[in-house]
1. Specify the residue that is farthest from the chain's Cα centre (by Cα); the eligible residues are those in the range B:60-76 that are assigned to a strand (DSSP E or B) and at the interface with chain A (Cβ under 8 Å from one of its Cβ atoms).
2. Looking only at residues in the range B:87-129 that are on the phi > 0 side of the Ramachandran plot and small (G, A, S), which one is modelled with the lowest pLDDT?
3. Checking B:I275 against (1) assigned to a helix (DSSP H, G or I); (2) open to solvent by less than 60 Å² (accessible area, probe 1.4 Å); (3) at pLDDT below 95, which test does it fail?
4. Among residues belonging to the range B:1-59 that are hydroxyl-bearing (S, T, Y) and surrounded by 13 or more Cβ atoms within 10 Å (Cβ to Cβ), point out the one that is nearest to B:L334 (Cα to Cα).
5. If you go through the range B:280-301 one residue at a time, how many are farther than 18 Å from B:E160 by Cβ and in contact with a Pro (Cβ under 8 Å, 6 or more places away or on another chain)?
6. Evaluate the range A:2-13: report whether one residue or more is free of Cβ contacts under 8 Å to residues at least 40 places away in the same chain, open to solvent by less than 50 Å² (accessible area, probe 1.4 Å) and closer than 20 Å to A:S151 by Cβ.
7. Of all residues in the range B:16-46, which are of a type in the set (A, V, I, L, M, F, W, C) and at pLDDT below 90?
8. Between B:F314, B:F299, which is open to solvent by less than 70 Å² (accessible area, probe 1.4 Å), under 21 Å from B:K211 (Cβ atoms) and of a type in the set (F, W, Y)?
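The values are calculated or read from the model by the stated rules, or taken from the named source; none is laboratory data. Please read all numbers here as calculations on a predicted model, not as lab measurements. So basically every Cβ, Gly included, is an ideal-geometry build from the backbone, and we count neighbours across all protein chains shown. The protein model used for the area step is the full one, side chains on, heavy atoms only, and it has no ligands, DNA or RNA in it. Shrake-Rupley method; radii C 1.70, N 1.55, O 1.52, S 1.80 Å.
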Amino acid sequence: MYLIANASRKEVAISDLGITLRASQAIDLHKIETQIPPENSKDLQRAKRHGAIKILHQEELKTVIKEKGTIIKESSFDKDGLLQDIKKLLSQEIDKKISSSQNTNNAQMTEVLAMMQKIVQNNPGSVKSTIEESSDTNIGQGQLVDIHSRSLNKMSKEVLGAKLAGKEEVKDSKLSDNVDELSKLL
Amino acid sequence: MSEKSRACGADVGTMFFQTAEQKDQNDIKFNTIRNSFVQIEETDDIEDVLKQNSWQYIKGDGKYLILGEDSLRVAKLFPGKVDLRRPLADGVLNKNEPSKMLVLSEMIRLSLGDPTDPKSVVCACISSPPIDGSVDSAFHKARLTGMFKRLGWNVKIIEEGLAVILSERPTVTESDGTEAPYSGFGISFGAGKINCVLAYKGLKILGMSIKKSGDWIDQKVAEQLGVPLAQVTSKKERELDFTNLPEDDDILYALDIYYGVMIENVFNHFAKKFIEIDSEFDAPLDIVIAGGTSSPKGFCSKVEEVVRGLKLPFKIKDIRVSSDPRNSVVKGCLTQAIITQKKIAKATEDELSDILGD
(Lines give C-alpha, C1' and ligand atoms only; values in the text may rest on other atoms or scores of the structure.)
Protein backbone atom coordinates (compact mmCIF):
# COMPACT_ATOMS: atom_id res chain seq x y z
CA MET A 1 0.00 0.00 0.00
CA TYR A 2 1.22 3.50 -0.89
CA LEU A 3 -1.52 5.81 0.30
CA ILE A 4 -1.22 9.51 -0.44
CA ALA A 5 -3.62 12.41 0.05
CA ASN A 6 -3.98 15.84 -1.46
CA ALA A 7 -3.43 18.12 1.54
CA SER A 8 -4.06 21.32 -0.40
CA ARG A 9 -7.31 23.05 -1.28
CA LYS A 10 -6.67 22.80 -5.01
CA GLU A 11 -6.46 19.99 -7.56
CA VAL A 12 -2.93 18.55 -7.65
CA ALA A 13 -1.51 16.80 -10.73
CA ILE A 14 1.43 14.41 -10.52
CA SER A 15 2.51 14.46 -14.13
CA ASP A 16 5.03 11.65 -14.30
CA LEU A 17 2.52 9.27 -12.71
CA GLY A 18 -0.31 10.58 -14.90
CA ILE A 19 -2.72 11.21 -12.02
CA THR A 20 -4.69 14.16 -10.67
CA LEU A 21 -6.07 14.39 -7.14
CA ARG A 22 -9.00 16.55 -6.11
CA ALA A 23 -8.70 18.59 -2.91
CA SER A 24 -8.47 16.19 0.08
CA GLN A 25 -8.66 13.10 -2.18
CA ALA A 26 -6.72 10.03 -1.06
CA ILE A 27 -5.44 7.34 -3.40
CA ASP A 28 -3.47 4.09 -3.11
CA LEU A 29 -0.73 4.27 -5.73
CA HIS A 30 -0.10 0.53 -5.56
CA LYS A 31 -3.67 -0.10 -6.71
CA ILE A 32 -3.61 1.94 -9.89
CA GLU A 33 -1.55 1.73 -13.04
CA THR A 34 1.09 4.41 -13.18
CA GLN A 35 3.55 5.27 -15.96
CA ILE A 36 6.51 4.70 -13.62
CA PRO A 37 6.73 3.10 -10.18
CA PRO A 38 5.41 5.66 -7.65
CA GLU A 39 8.59 5.21 -5.60
CA ASN A 40 10.56 6.73 -8.51
CA SER A 41 8.27 9.69 -9.09
CA LYS A 42 10.12 13.00 -8.91
CA ASP A 43 6.88 14.99 -9.24
CA LEU A 44 5.43 13.18 -6.23
CA GLN A 45 8.53 13.98 -4.17
CA ARG A 46 8.31 17.62 -5.28
CA ALA A 47 4.61 17.85 -4.34
CA LYS A 48 5.47 16.24 -0.98
CA ARG A 49 8.23 18.80 -0.35
CA HIS A 50 5.84 21.65 -1.16
CA GLY A 51 3.30 20.22 1.26
CA ALA A 52 0.65 19.70 -1.43
CA ILE A 53 0.74 15.93 -0.98
CA LYS A 54 0.94 14.01 2.27
CA ILE A 55 2.02 10.40 2.38
CA LEU A 56 -0.41 8.68 4.71
CA HIS A 57 0.96 5.22 4.50
CA GLN A 58 3.82 3.63 2.63
CA GLU A 59 5.06 0.13 2.95
CA GLU A 60 7.74 -1.77 1.14
CA LEU A 61 6.62 -4.31 -1.38
CA LYS A 62 7.87 -7.83 -1.20
CA THR A 63 7.62 -9.68 -4.48
CA VAL A 64 6.87 -13.36 -4.12
CA ILE A 65 7.05 -15.74 -7.01
CA LYS A 66 4.27 -18.27 -6.74
CA GLU A 67 3.67 -21.48 -8.62
CA LYS A 68 3.61 -21.32 -12.43
CA GLY A 69 5.60 -18.11 -12.40
CA THR A 70 2.74 -15.87 -11.26
CA ILE A 71 4.17 -12.83 -9.55
CA ILE A 72 2.17 -11.35 -6.72
CA LYS A 73 2.89 -8.40 -4.54
CA GLU A 74 2.52 -9.19 -0.86
CA SER A 75 2.34 -6.64 1.88
CA SER A 76 1.41 -6.40 5.51
CA PHE A 77 -1.45 -4.00 6.13
CA ASP A 78 -1.07 -1.97 9.32
CA LYS A 79 -4.65 -0.79 10.00
CA ASP A 80 -3.82 0.93 13.28
CA GLY A 81 -0.94 2.85 11.80
CA LEU A 82 -3.11 3.97 8.92
CA LEU A 83 -5.87 5.11 11.27
CA GLN A 84 -3.38 7.10 13.33
CA ASP A 85 -2.04 8.79 10.20
CA ILE A 86 -5.53 9.76 9.06
CA LYS A 87 -6.40 11.09 12.49
CA LYS A 88 -3.20 13.13 12.52
CA LEU A 89 -3.92 14.62 9.08
CA LEU A 90 -7.53 15.39 10.04
CA SER A 91 -6.42 17.07 13.27
CA GLN A 92 -3.84 19.16 11.42
CA GLU A 93 -6.41 20.28 8.87
CA ILE A 94 -8.92 21.29 11.53
CA ASP A 95 -6.22 23.05 13.58
CA LYS A 96 -5.27 24.99 10.46
CA LYS A 97 -8.88 26.05 9.88
CA ILE A 98 -9.30 27.11 13.51
CA SER A 99 -6.17 29.24 13.48
CA SER A 100 -7.09 30.88 10.16
CA SER A 101 -10.60 31.82 11.24
CA GLN A 102 -10.94 35.18 13.03
CA ASN A 103 -14.61 34.95 13.97
CA THR A 104 -14.81 31.41 15.24
CA ASN A 105 -15.26 30.56 18.82
CA ASN A 106 -12.23 28.46 19.79
CA ALA A 107 -14.02 26.53 22.47
CA GLN A 108 -16.72 25.51 19.99
CA MET A 109 -14.17 24.39 17.42
CA THR A 110 -12.25 22.36 20.00
CA GLU A 111 -15.49 20.64 20.89
CA VAL A 112 -16.16 19.84 17.23
CA LEU A 113 -12.62 18.51 16.90
CA ALA A 114 -13.06 16.27 19.93
CA MET A 115 -16.33 14.98 18.52
CA MET A 116 -14.78 14.19 15.17
CA GLN A 117 -11.88 12.37 16.75
CA LYS A 118 -14.36 10.32 18.73
CA ILE A 119 -16.23 9.42 15.55
CA VAL A 120 -13.02 8.29 13.90
CA GLN A 121 -12.07 6.19 16.95
CA ASN A 122 -15.45 4.52 17.19
CA ASN A 123 -15.90 3.87 13.49
CA PRO A 124 -12.62 2.73 11.97
CA GLY A 125 -14.57 0.72 9.41
CA SER A 126 -16.19 3.80 7.93
CA VAL A 127 -12.83 5.49 7.47
CA LYS A 128 -11.42 2.41 5.79
CA SER A 129 -14.31 2.10 3.35
CA THR A 130 -13.96 5.74 2.30
CA ILE A 131 -10.32 5.24 1.49
CA GLU A 132 -10.93 2.05 -0.42
CA GLU A 133 -13.60 3.71 -2.49
CA SER A 134 -11.32 6.52 -3.62
CA SER A 135 -8.29 4.30 -4.05
CA ASP A 136 -10.22 2.07 -6.43
CA THR A 137 -10.81 5.00 -8.78
CA ASN A 138 -9.08 4.43 -12.09
CA ILE A 139 -8.48 6.94 -14.86
CA GLY A 140 -9.86 6.02 -18.28
CA GLN A 141 -8.18 6.74 -21.62
CA GLY A 142 -10.67 9.53 -22.44
CA GLN A 143 -10.06 11.26 -19.10
CA LEU A 144 -6.31 11.00 -19.58
CA VAL A 145 -6.56 12.60 -23.02
CA ASP A 146 -8.59 15.48 -21.53
CA ILE A 147 -6.11 15.96 -18.68
CA HIS A 148 -3.18 16.10 -21.12
CA SER A 149 -5.02 18.47 -23.49
CA ARG A 150 -5.86 20.84 -20.62
CA SER A 151 -2.34 20.84 -19.20
CA LEU A 152 -0.86 21.40 -22.68
CA ASN A 153 -3.18 24.32 -23.35
CA LYS A 154 -2.06 25.85 -20.08
CA MET A 155 1.62 25.11 -20.74
CA SER A 156 1.67 26.54 -24.25
CA LYS A 157 -0.48 29.62 -23.55
CA GLU A 158 2.42 32.02 -23.82
CA VAL A 159 4.68 30.07 -26.12
CA LEU A 160 5.86 31.94 -29.18
CA GLY A 161 7.16 30.30 -32.32
CA ALA A 162 7.03 30.60 -36.09
CA LYS A 163 5.88 27.92 -38.55
CA LEU A 164 8.23 24.97 -38.31
CA ALA A 165 9.57 23.80 -41.65
CA GLY A 166 11.33 20.50 -42.11
CA LYS A 167 12.61 18.68 -45.16
CA GLU A 168 9.70 18.86 -47.58
CA GLU A 169 9.29 16.56 -50.58
CA VAL A 170 6.45 15.74 -52.93
CA LYS A 171 6.28 12.21 -54.28
CA ASP A 172 4.09 10.42 -56.74
CA SER A 173 2.16 7.53 -55.20
CA LYS A 174 -0.67 5.11 -55.76
CA LEU A 175 -2.41 6.39 -52.65
CA SER A 176 -5.85 6.76 -54.25
CA ASP A 177 -5.78 3.14 -55.48
CA ASN A 178 -4.94 1.92 -51.97
CA VAL A 179 -7.64 4.11 -50.38
CA ASP A 180 -10.33 2.88 -52.79
CA GLU A 181 -9.38 -0.76 -52.30
CA LEU A 182 -9.15 -0.49 -48.51
CA SER A 183 -12.41 1.45 -48.22
CA LYS A 184 -14.19 -1.59 -49.66
CA LEU A 185 -12.33 -4.00 -47.35
CA LEU A 186 -12.58 -2.17 -44.02
CA MET B 1 -17.64 28.32 -49.02
CA SER B 2 -15.77 26.38 -46.33
CA GLU B 3 -12.40 24.80 -47.05
CA LYS B 4 -12.11 21.09 -47.73
CA SER B 5 -11.55 18.88 -44.66
CA ARG B 6 -7.92 17.98 -44.10
CA ALA B 7 -6.61 14.42 -43.72
CA CYS B 8 -3.05 13.98 -42.48
CA GLY B 9 -0.73 11.18 -41.49
CA ALA B 10 1.71 11.69 -38.62
CA ASP B 11 4.59 9.46 -37.54
CA VAL B 12 5.99 10.71 -34.25
CA GLY B 13 9.21 8.72 -34.23
CA THR B 14 12.17 8.62 -31.86
CA MET B 15 14.48 10.19 -34.44
CA PHE B 16 12.12 12.05 -36.81
CA PHE B 17 8.65 13.56 -36.71
CA GLN B 18 6.97 13.16 -40.10
CA THR B 19 3.73 14.35 -41.58
CA ALA B 20 2.07 13.51 -44.90
CA GLU B 21 -0.83 15.10 -46.72
CA GLN B 22 -2.32 14.40 -50.13
CA LYS B 23 -1.53 17.21 -52.55
CA ASP B 24 -3.61 16.01 -55.47
CA GLN B 25 -4.87 12.69 -56.82
CA ASN B 26 -1.39 11.14 -57.09
CA ASP B 27 1.02 13.30 -55.12
CA ILE B 28 1.79 13.25 -51.40
CA LYS B 29 3.61 16.05 -49.60
CA PHE B 30 5.94 14.70 -46.91
CA ASN B 31 7.49 16.86 -44.21
CA THR B 32 10.30 15.44 -42.08
CA ILE B 33 11.54 17.22 -38.95
CA ARG B 34 14.36 15.96 -36.75
CA ASN B 35 12.72 15.15 -33.43
CA SER B 36 15.29 16.87 -31.23
CA PHE B 37 15.96 20.22 -29.58
CA VAL B 38 18.52 22.21 -27.61
CA GLN B 39 17.96 24.74 -24.85
CA ILE B 40 20.05 27.89 -24.89
CA GLU B 41 20.70 30.42 -22.19
CA GLU B 42 18.82 33.70 -22.28
CA THR B 43 21.07 36.68 -23.02
CA ASP B 44 20.32 40.32 -23.98
CA ASP B 45 20.81 39.68 -27.70
CA ILE B 46 19.48 36.14 -27.85
CA GLU B 47 16.51 36.95 -30.11
CA ASP B 48 18.76 38.82 -32.55
CA VAL B 49 21.17 35.88 -32.73
CA LEU B 50 18.29 33.45 -33.36
CA LYS B 51 16.74 35.64 -36.05
CA GLN B 52 20.04 36.41 -37.79
CA ASN B 53 20.74 32.69 -38.11
CA SER B 54 17.12 31.91 -39.05
CA TRP B 55 17.08 29.17 -36.43
CA GLN B 56 13.67 27.72 -35.71
CA TYR B 57 12.83 28.15 -32.05
CA ILE B 58 10.12 28.49 -29.48
CA LYS B 59 10.13 30.75 -26.49
CA GLY B 60 8.14 29.86 -23.44
CA ASP B 61 8.44 29.74 -19.67
CA GLY B 62 11.61 31.87 -19.88
CA LYS B 63 13.36 29.30 -22.06
CA TYR B 64 14.60 29.43 -25.64
CA LEU B 65 14.39 26.05 -27.33
CA ILE B 66 15.79 25.49 -30.83
CA LEU B 67 13.93 22.73 -32.64
CA GLY B 68 14.47 20.27 -35.49
CA GLU B 69 17.50 20.15 -37.79
CA ASP B 70 18.74 23.49 -36.39
CA SER B 71 19.14 21.87 -32.96
CA LEU B 72 21.72 19.49 -34.43
CA ARG B 73 23.57 22.40 -36.06
CA VAL B 74 23.70 24.33 -32.77
CA ALA B 75 24.79 21.24 -30.83
CA LYS B 76 27.66 20.77 -33.29
CA LEU B 77 28.61 24.47 -33.01
CA PHE B 78 28.88 24.30 -29.21
CA PRO B 79 30.16 20.79 -28.43
CA GLY B 80 30.08 20.03 -24.72
CA LYS B 81 28.16 23.21 -23.92
CA VAL B 82 24.80 22.43 -25.48
CA ASP B 83 23.16 19.02 -25.19
CA LEU B 84 21.08 17.61 -28.00
CA ARG B 85 17.87 16.41 -26.34
CA ARG B 86 15.05 14.20 -27.59
CA PRO B 87 11.35 14.30 -26.59
CA LEU B 88 11.06 10.56 -27.34
CA ALA B 89 13.10 7.54 -26.27
CA ASP B 90 12.46 3.92 -27.26
CA GLY B 91 9.33 4.84 -29.21
CA VAL B 92 7.51 6.60 -26.33
CA LEU B 93 7.73 10.01 -24.66
CA ASN B 94 11.10 10.27 -22.92
CA LYS B 95 10.42 9.98 -19.18
CA ASN B 96 13.79 11.58 -18.39
CA GLU B 97 13.13 14.71 -20.46
CA PRO B 98 11.22 17.44 -18.55
CA SER B 99 10.46 19.55 -21.66
CA LYS B 100 9.15 16.67 -23.80
CA MET B 101 5.47 17.68 -23.71
CA LEU B 102 6.08 21.32 -24.53
CA VAL B 103 8.51 20.56 -27.37
CA LEU B 104 6.50 17.82 -29.03
CA SER B 105 3.15 19.59 -28.77
CA GLU B 106 4.64 22.78 -30.24
CA MET B 107 6.39 20.79 -32.98
CA ILE B 108 2.99 19.33 -33.90
CA ARG B 109 1.22 22.70 -33.73
CA LEU B 110 3.85 24.59 -35.73
CA SER B 111 4.27 21.97 -38.47
CA LEU B 112 0.83 20.38 -38.90
CA GLY B 113 -1.20 23.49 -38.14
CA ASP B 114 -4.90 23.63 -37.48
CA PRO B 115 -7.68 21.54 -39.01
CA THR B 116 -9.86 23.34 -41.55
CA ASP B 117 -13.15 22.03 -40.14
CA PRO B 118 -14.55 19.69 -37.45
CA LYS B 119 -14.34 16.72 -39.83
CA SER B 120 -10.58 16.93 -40.41
CA VAL B 121 -8.65 13.83 -39.35
CA VAL B 122 -5.10 13.08 -38.34
CA CYS B 123 -3.94 9.47 -38.08
CA ALA B 124 -0.86 8.82 -35.98
CA CYS B 125 0.85 5.56 -35.08
CA ILE B 126 2.12 4.02 -31.87
CA SER B 127 4.09 0.91 -31.03
CA SER B 128 2.41 -2.47 -30.64
CA PRO B 129 2.47 -4.11 -27.18
CA PRO B 130 6.09 -4.79 -26.13
CA ILE B 131 7.30 -8.35 -25.63
CA ASP B 132 10.55 -7.45 -23.86
CA GLY B 133 9.26 -5.62 -20.79
CA SER B 134 9.80 -2.14 -22.23
CA VAL B 135 7.28 0.63 -21.52
CA ASP B 136 3.93 0.02 -23.22
CA SER B 137 2.18 2.68 -25.30
CA ALA B 138 -1.06 3.19 -23.31
CA PHE B 139 0.03 6.40 -21.60
CA HIS B 140 1.94 7.56 -24.69
CA LYS B 141 -1.22 7.09 -26.78
CA ALA B 142 -3.26 9.28 -24.41
CA ARG B 143 -0.66 12.05 -24.42
CA LEU B 144 -0.25 11.96 -28.19
CA THR B 145 -4.01 12.00 -28.74
CA GLY B 146 -4.27 15.01 -26.40
CA MET B 147 -1.65 16.92 -28.41
CA PHE B 148 -3.68 16.62 -31.64
CA LYS B 149 -7.11 16.87 -30.07
CA ARG B 150 -6.45 20.19 -28.37
CA LEU B 151 -5.86 21.69 -31.84
CA GLY B 152 -9.29 20.47 -32.95
CA TRP B 153 -8.31 17.34 -34.92
CA ASN B 154 -10.23 14.07 -34.93
CA VAL B 155 -7.57 11.54 -33.97
CA LYS B 156 -7.20 7.98 -35.21
CA ILE B 157 -4.37 5.89 -33.76
CA ILE B 158 -3.07 2.71 -35.41
CA GLU B 159 -0.13 0.40 -34.76
CA GLU B 160 3.05 1.20 -36.69
CA GLY B 161 3.32 -2.25 -38.31
CA LEU B 162 -0.22 -1.89 -39.66
CA ALA B 163 0.75 1.44 -41.24
CA VAL B 164 3.44 -0.43 -43.21
CA ILE B 165 0.82 -2.93 -44.41
CA LEU B 166 -1.61 -0.16 -45.49
CA SER B 167 1.21 1.50 -47.38
CA GLU B 168 2.96 -1.49 -48.97
CA ARG B 169 0.04 -3.82 -49.76
CA PRO B 170 1.43 -7.30 -49.07
CA THR B 171 -0.71 -10.18 -50.37
CA VAL B 172 -1.59 -13.77 -49.57
CA THR B 173 -2.76 -16.22 -52.21
CA GLU B 174 -5.70 -18.18 -50.84
CA SER B 175 -6.16 -21.92 -51.50
CA ASP B 176 -8.71 -21.16 -54.25
CA GLY B 177 -6.13 -19.03 -56.06
CA THR B 178 -7.66 -15.64 -55.18
CA GLU B 179 -5.45 -12.89 -53.84
CA ALA B 180 -6.11 -11.33 -50.41
CA PRO B 181 -4.57 -7.84 -50.40
CA TYR B 182 -3.15 -6.11 -47.29
CA SER B 183 -2.43 -9.53 -45.79
CA GLY B 184 0.92 -10.65 -44.38
CA PHE B 185 3.62 -9.19 -42.18
CA GLY B 186 4.45 -5.49 -41.91
CA ILE B 187 7.68 -4.75 -40.08
CA SER B 188 8.93 -1.27 -39.26
CA PHE B 189 12.57 -1.08 -38.19
CA GLY B 190 12.70 2.29 -36.41
CA ALA B 191 15.47 3.92 -34.41
CA GLY B 192 13.92 3.20 -31.01
CA LYS B 193 11.84 0.09 -31.71
CA ILE B 194 10.91 -2.62 -34.17
CA ASN B 195 7.18 -3.01 -34.74
CA CYS B 196 5.58 -6.07 -36.34
CA VAL B 197 2.00 -6.68 -37.33
CA LEU B 198 0.36 -9.67 -38.98
CA ALA B 199 -2.78 -8.58 -40.82
CA TYR B 200 -5.47 -10.10 -42.99
CA LYS B 201 -7.27 -7.86 -45.51
CA GLY B 202 -6.14 -4.73 -43.66
CA LEU B 203 -7.20 -5.91 -40.20
CA LYS B 204 -4.60 -6.53 -37.52
CA ILE B 205 -4.42 -10.08 -36.22
CA LEU B 206 -1.28 -9.87 -34.13
CA GLY B 207 1.14 -7.10 -33.18
CA MET B 208 4.28 -6.82 -31.08
CA SER B 209 7.24 -4.52 -30.56
CA ILE B 210 10.86 -4.97 -29.46
CA LYS B 211 13.34 -2.41 -28.18
CA LYS B 212 16.45 -3.88 -29.79
CA SER B 213 16.54 -1.79 -32.96
CA GLY B 214 18.72 0.85 -34.65
CA ASP B 215 19.79 2.77 -31.52
CA TRP B 216 20.56 -0.50 -29.75
CA ILE B 217 22.83 -1.60 -32.63
CA ASP B 218 24.74 1.71 -32.52
CA GLN B 219 25.20 1.46 -28.75
CA LYS B 220 26.41 -2.14 -28.87
CA VAL B 221 28.92 -1.47 -31.65
CA ALA B 222 30.21 1.66 -29.86
CA GLU B 223 30.58 -0.32 -26.59
CA GLN B 224 32.32 -3.28 -28.22
CA LEU B 225 34.79 -1.23 -30.22
CA GLY B 226 35.25 1.69 -27.79
CA VAL B 227 34.41 4.29 -30.44
CA PRO B 228 32.09 7.32 -30.06
CA LEU B 229 28.41 6.60 -30.67
CA ALA B 230 28.11 9.48 -33.16
CA GLN B 231 30.88 7.93 -35.29
CA VAL B 232 29.03 4.61 -35.46
CA THR B 233 25.70 6.26 -36.34
CA SER B 234 27.29 8.40 -39.02
CA LYS B 235 29.13 5.43 -40.57
CA LYS B 236 25.96 3.34 -40.51
CA GLU B 237 23.95 6.04 -42.29
CA ARG B 238 26.62 6.84 -44.90
CA GLU B 239 28.58 3.65 -45.62
CA LEU B 240 26.76 0.48 -44.58
CA ASP B 241 26.08 -1.71 -47.62
CA PHE B 242 25.33 -5.38 -46.94
CA THR B 243 26.16 -6.29 -50.54
CA ASN B 244 29.67 -4.90 -50.25
CA LEU B 245 31.22 -5.22 -46.78
CA PRO B 246 34.94 -4.41 -46.52
CA GLU B 247 36.48 -7.02 -44.20
CA ASP B 248 39.07 -4.66 -42.74
CA ASP B 249 36.57 -2.12 -41.36
CA ASP B 250 35.79 -2.98 -37.72
CA ILE B 251 32.74 -0.73 -37.42
CA LEU B 252 31.04 -2.01 -40.58
CA TYR B 253 31.89 -5.59 -39.64
CA ALA B 254 30.36 -5.14 -36.15
CA LEU B 255 27.29 -3.43 -37.62
CA ASP B 256 26.75 -6.44 -39.89
CA ILE B 257 26.96 -8.81 -36.90
CA TYR B 258 24.52 -6.81 -34.77
CA TYR B 259 22.07 -6.34 -37.64
CA GLY B 260 22.03 -10.14 -37.89
CA VAL B 261 21.33 -10.46 -34.14
CA MET B 262 18.54 -7.89 -34.37
CA ILE B 263 16.81 -9.64 -37.31
CA GLU B 264 17.13 -13.09 -35.70
CA ASN B 265 15.72 -11.74 -32.42
CA VAL B 266 12.65 -10.19 -34.05
CA PHE B 267 11.77 -13.24 -36.15
CA ASN B 268 12.24 -15.65 -33.24
CA HIS B 269 9.94 -13.59 -31.01
CA PHE B 270 7.34 -13.20 -33.72
CA ALA B 271 7.42 -16.94 -34.37
CA LYS B 272 6.59 -17.57 -30.69
CA LYS B 273 3.68 -15.11 -30.83
CA PHE B 274 2.44 -16.70 -34.05
CA ILE B 275 2.33 -20.12 -32.36
CA GLU B 276 0.57 -18.66 -29.30
CA ILE B 277 -2.38 -17.34 -31.32
CA ASP B 278 -2.73 -20.65 -33.14
CA SER B 279 -3.06 -18.89 -36.48
CA GLU B 280 -4.82 -20.62 -39.33
CA PHE B 281 -2.58 -19.04 -41.97
CA ASP B 282 -1.08 -21.87 -43.96
CA ALA B 283 -0.50 -20.05 -47.21
CA PRO B 284 2.95 -18.47 -47.70
CA LEU B 285 3.05 -14.89 -46.43
CA ASP B 286 4.49 -11.69 -47.82
CA ILE B 287 6.83 -9.78 -45.52
CA VAL B 288 7.08 -6.03 -46.18
CA ILE B 289 9.74 -3.99 -44.43
CA ALA B 290 10.12 -0.25 -43.80
CA GLY B 291 11.70 2.22 -41.38
CA GLY B 292 15.00 4.11 -41.27
CA THR B 293 16.98 1.16 -39.86
CA SER B 294 16.07 -0.84 -42.99
CA SER B 295 17.58 1.84 -45.27
CA PRO B 296 21.11 0.41 -45.82
CA LYS B 297 21.63 -1.13 -49.24
CA GLY B 298 21.16 -4.90 -49.26
CA PHE B 299 19.05 -5.00 -46.09
CA CYS B 300 16.51 -7.26 -47.80
CA SER B 301 19.23 -9.83 -48.69
CA LYS B 302 20.47 -9.63 -45.10
CA VAL B 303 16.97 -10.48 -43.82
CA GLU B 304 16.67 -13.35 -46.31
CA GLU B 305 20.08 -14.70 -45.26
CA VAL B 306 19.19 -14.64 -41.54
CA VAL B 307 15.65 -16.00 -42.01
CA ARG B 308 16.94 -18.94 -44.10
CA GLY B 309 18.76 -20.22 -41.01
CA LEU B 310 15.70 -20.06 -38.74
CA LYS B 311 12.96 -22.59 -38.13
CA LEU B 312 9.75 -20.58 -38.47
CA PRO B 313 6.13 -21.72 -38.00
CA PHE B 314 4.98 -19.97 -41.20
CA LYS B 315 5.96 -20.10 -44.85
CA ILE B 316 7.37 -17.01 -46.53
CA LYS B 317 6.21 -16.04 -50.01
CA ASP B 318 8.37 -12.97 -50.51
CA ILE B 319 10.44 -10.51 -48.50
CA ARG B 320 10.69 -6.95 -49.77
CA VAL B 321 11.85 -3.61 -48.45
CA SER B 322 9.66 -0.61 -49.28
CA SER B 323 10.84 1.46 -52.23
CA ASP B 324 10.62 4.46 -49.86
CA PRO B 325 11.41 2.99 -46.40
CA ARG B 326 11.65 6.34 -44.59
CA ASN B 327 8.18 7.52 -45.70
CA SER B 328 6.30 4.22 -45.72
CA VAL B 329 4.90 4.43 -42.16
CA VAL B 330 3.61 7.99 -42.49
CA LYS B 331 2.11 7.14 -45.89
CA GLY B 332 0.21 4.26 -44.24
CA CYS B 333 -1.05 6.68 -41.57
CA LEU B 334 -2.22 9.06 -44.31
CA THR B 335 -4.05 6.21 -46.06
CA GLN B 336 -5.91 5.42 -42.82
CA ALA B 337 -6.63 9.14 -42.21
CA ILE B 338 -8.31 9.50 -45.63
CA ILE B 339 -10.42 6.35 -45.10
CA THR B 340 -11.43 7.56 -41.61
CA GLN B 341 -12.27 11.02 -42.92
CA LYS B 342 -14.56 9.53 -45.58
CA LYS B 343 -16.37 7.54 -42.86
CA ILE B 344 -16.68 10.60 -40.61
CA ALA B 345 -18.19 12.62 -43.46
CA LYS B 346 -21.11 10.17 -43.58
CA ALA B 347 -21.32 9.41 -39.84
CA THR B 348 -23.68 10.61 -37.16
CA GLU B 349 -22.35 12.08 -33.88
CA ASP B 350 -22.97 8.74 -32.10
CA GLU B 351 -20.92 6.78 -34.62
CA LEU B 352 -17.84 9.01 -34.27
CA SER B 353 -16.23 7.28 -31.31
CA ASP B 354 -16.60 3.87 -32.98
CA ILE B 355 -14.88 5.14 -36.12
CA LEU B 356 -12.05 6.75 -34.18
CA GLY B 357 -11.75 3.79 -31.82
CA ASP B 358 -12.04 5.90 -28.62
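1. Filtering the range B:60-76 down to residues assigned to a strand (DSSP E or B) leaves B:60, B:63-67.
Those left that are additionally at the interface with chain A (Cβ under 8 Å from one of its Cβ atoms): B:60, B:67.
On the way: B:G60: 28, B:L67: 19 Å.
It comes out as B:G60.
2. The first filter runs over the range B:87-129 and keeps only residues on the phi > 0 side of the Ramachandran plot, leaving B:90-91, B:113.
Restricting the remaining residues to those that are small (G, A, S) gives B:91, B:113.
Details: B:G91: 86, B:G113: 91.
By that ranking, first place goes to B:G91.
3. (2)
4. As a first pass, look at the range B:1-59 and keep what is hydroxyl-bearing (S, T, Y): B:2, B:5, B:14, B:19, B:32, B:36, B:43, B:54, B:57.
Filter again for surrounded by 13 or more Cβ atoms within 10 Å (Cβ to Cβ), leaving B:5, B:14, B:19, B:32, B:36, B:57.
Values: B:S5: 14, B:T14: 19, B:T19: 8, B:T32: 14, B:S36: 23, B:Y57: 27 Å.
Filtering first and then ranking leaves B:T19.
5. We begin by selecting, within the range B:280-301, every residue farther than 18 Å from B:E160 by Cβ; these are B:280-285, B:296-298, B:300-301.
Add one more test, that the residue is in contact with a Pro (Cβ under 8 Å, 6 or more places away or on another chain), and what stays is B:285.
Of the residues in that region, 1 qualify.
6. Scanning the range A:2-13 turns up no residue that is free of Cβ contacts under 8 Å to residues at least 40 places away in the same chain, open to solvent by less than 50 Å² (accessible area, probe 1.4 Å) and closer than 20 Å to A:S151 by Cβ.
7. Going residue by residue through the range B:16-46, those that are of a type in the set (A, V, I, L, M, F, W, C) are B:16-17, B:20, B:28, B:30, B:33, B:37-38, B:40, B:46.
Listed by number, the residues that qualify are B:I40, B:I46.
8. On the way: B:F314 fails: under 21 Å from B:K211 (Cβ atoms).
Just one listed residue meets the conditions, B:F299.
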